1. Going through Arg166, Arg135 one at a time, which residue ends up being buried (at least 16 other Cβ atoms within 10 Å of the Cβ), outside any strand (DSSP E or B) and among the basic types (Lys, Arg)?
2. In the range 65-118, what residues are part of a loop (DSSP other than H, G, I, E, B), under 14 Å from the mean Cα position of the chain (by Cα) and among the β-branched types (Val, Ile, Thr)?
3. Collect the residues in the range 99-115 that are surrounded by fewer than 18 Cβ atoms within 10 Å (Cβ to Cβ) and more than 19 Å from Gly136 (Cβ to Cβ), keeping them in residue-number order.
4. Across the range 10-51, which residue is modelled with the lowest pLDDT among those that are surrounded by 12 or more Cβ atoms within 10 Å (Cβ to Cβ) and part of a loop (DSSP other than H, G, I, E, B)?
5. Considering only residues that are among the β-branched types (Val, Ile, Thr) and either modelled with pLDDT of 85 or more or not assigned by TED's automatic domain parsing to the domain that holds Leu132 (or both), which ones fall in the range 73-104?
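The values are calculated or read from the model by the stated rules, or taken from the named source; none is laboratory data. Please read these numbers as outputs of a predicted model, since none were measured by experiment. All Cβ positions, even for glycine, are placed from backbone atoms using ideal geometry, and neighbour counts span all protein chains on display.
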Amino acid sequence: MSVAALRPAAVVYREEQNFDWRVYALLAFVEILAWVGLIAYRDRLPHFVLGIPLILFVIVGLLVLAVLVLGVLRMTTEATPTTLRVWFGWIPIYRRAIMVTAICRVEVVTYRPITDHGGWGIRLGRDGERVLTARGNRGVKLELTDGSRLLVGSQRPEELAQALERAMTPGV
């Protein structure tokens with residue numbers, strides 16, 4: 001087996017999206033409130049909650065915040081001639097890969113994130129559509145050979161759709 005056979009397919013489209021700044025602001029606000037509360041009431045708070053040291057609750061809270069920021073709050077979309085990959089986080093916790101051969105139809109769409117899917121992130125639409133979005137209200141809707149649908153949010157949906165359509169066209 002040659003080394004060339006082990007190289008991954010060339011990336012023809014790549015997009016990294018951070019969630020809206022308001023998401024990070026909300027997380028920071030909640031974290032600040034938690035710390036202010038702990039400092040203000042440190043002498044009045046019990047040292048144990050349900051028999052567990054309070055410091056463990058603080059540590060778990062900080063770890064949850066770190067997991068959210070590092071593991072979820074960034075969306076990367078990559079298309080190669082054979083695969084569309086979407087993952088969330090700098091340290092990916094959620095990954096989805098779709099073979100280009102499994103895509104029947106590609107359509108650039110505008111949607112209403114809150115009304116249609118309950119917000120951004122990894123969602124399931126009312127009609128069973130899987131939704132992967134980080135910000136904005138535009139994306140690419142894919143119809144797959146198994147009958148399922150996937151909406152991938154993008155700030156450059158036309159480019160993503162063109163990359164997928166080129167990959168779906170054999171011999172081009």
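1. Among Arg166, Arg135, only Arg135 is buried (at least 16 other Cβ atoms within 10 Å of the Cβ), outside any strand (DSSP E or B) and among the basic types (Lys, Arg).
2. If the condition is that a residue be part of a loop (DSSP other than H, G, I, E, B), under 14 Å from the mean Cα position of the chain (by Cα) and among the β-branched types (Val, Ile, Thr), then Val72, Ile91, Ile93 are the ones that fit.
3. Of everything in the range 99-115, those that are surrounded by fewer than 18 Cβ atoms within 10 Å (Cβ to Cβ) and more than 19 Å from Gly136 (Cβ to Cβ) turn out to be Met99, Thr101, Ala102, Cys104, Arg105.
4. Here the residue is Leu45.
5. Residues satisfying the conditions are Thr76, Thr77, Thr80, Thr82, Thr83, Val86, Ile98, Val100, Thr101, Ile103.
Yes/no matrix, rows are residues, columns are (1) among the charged types (D, E, K, R); (2) crowded, with 17+ Cβ neighbours inside 10 Å; (3) outside any strand (DSSP E or B); (4) without any contact (Cβ under 8 Å) to a residue 40 or more places away in the chain:
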| site | (1), (2), (3), (4) |
| --- | --- |
| Asp127 | yes, no, yes, yes |
| Val131 | no, yes, no, yes |
| Lys141 | yes, yes, no, yes |
| Gln155 | no, no, yes, no |
| Ala161 | no, yes, yes, no |
